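Engineer: Got a structure for you, written out below as structure tokens; questions coming shortly.
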Amino acid sequence: MRFFISLAVLVGFIPTTVSQTVHPPTDAGSDLFLTSDQCIACHSNLKSASGEDVSIGYSWRASMMANSARDPYWHASVRREVTDHPEVQAIIEDTCSTCHMPMARFEAANHGGRGEVFANLGNPLAVDGVSCVVCHQIRNDNFGEPESFDGGFVIDTSRPTGERQIFGPHEVDFGRQSLMQSAAQFVPTQSIHMQESELCATCHTLYINAINDSREDTKLAEQVPYFEWLHSDYRKTQSCQDCHMPELNDDIPITSVLGEPRPQFSQHVFRGGNAFMLQIL
């Protein structure tokens with residue numbers, strides 16, 4: 001029995017042509033995104049009251065979120081599927097890159113194209129994985145709705161560079177807003193939706209179109225941890241972030257540049273990720 005379920009069968013056969021592919025920019029940024037090195041400069045060198053290094057940038061960089069596009073097991077799985085089903089390579093790679101290479105794929109989709117995997121392995125936006133300015137730009141417009149799942153997160157594409165919002169749970173005064181806007185071209189904006197499970201659900205609730213032996217199109221729930229949480233007692237007491245991004249008891253700055261102590265500091269360690277793969281990496 002094959003260990004892998006055929007992605008080509010799961011997502012269905014959707015014809016494509018080379019002309020439909022739009023390659024996103026290959027520099028370190030774009031109109032919509034910046035790579036993590038632009039964020040780590042300020043959001044690292046952070047210490048807890050006990051002296052523990054809790055740097056946001058360094059913690060994230062050692063997680064599966066940061067390595068989602070570098071995961072060799074994922075590469076092998078996608079390669080196996082496109083080798084077996086080359087006629088649907090475009091739809092397989094677009095589906096898989098939606099959440100593993102979200103910045104590059106979102107750029108491509110925003111320009112009317114599709115995401116790619118192997119052609120993007122040298123693209124900084126692609127290999128940066130689930131990067132800072134992906135999660136922190138997601139709006140709560142469609143949270144919990146079916147259209148939000150399968151990587152259906154909403155990012156505002158209407159604001160020009162320099163006016164784009166980046167969300168966090170804390171209020172930021174005008175001076176610090178201006179500092180970040182000058183350094184990274186984003187305006188830090190307070191919104192508690194960053195602490196809601198529905199944020200994680202946009203990628204971690206995945207349905208794929210399955211085609212059975214009779215060629216009938218059906219839906220397959222590939223992973224639904226959000227609904228498992230929603231139907232558990234934890235819904236009343238803890239969000240996804242509470243467990244996977246545990247909070248510190250101390251008040252500490254979230255930036256090493258003019259940062260002020262903040263309560264409920266969420267560590268960007270993403271507990272429960274693929275520890276075996278991290279050991280390999």
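The values are calculated or read from the model by the stated rules, or taken from the named source; none is laboratory data. Treat the numbers as computed from the prediction; the structure is a model and nothing was measured. Cβ coordinates were reconstructed from backbone atoms using ideal geometry, including for glycine residues, and neighbour counts include every protein chain displayed. We work out accessible area using only protein heavy atoms, side chains counted, and drop any ligands, DNA or RNA first. Shrake-Rupley method; radii C 1.70, N 1.55, O 1.52, S 1.80 Å.
Engineer: Which one of Ala108, Ala184 is of a type outside the set (Asp, Glu), modelled with pLDDT of 95 or more and farther than 27 Å from Leu230 by Cβ?
Structural biologist: Ala108
Engineer: Inside the stretch 102-119, can you point out the residues that are open to solvent by 10 Å² or more (accessible area, probe 1.4 Å) and part of a helix (DSSP H, G or I)?
Structural biologist: Arg105, Phe106, Ala109, Asn110, Phe118, Ala119
Engineer: Within the stretch 121-141, work out how many residues are open to solvent by less than 10 Å² (accessible area, probe 1.4 Å), in a helix (DSSP H, G or I) and not β-branched (Val, Ile, Thr).
Structural biologist: 2
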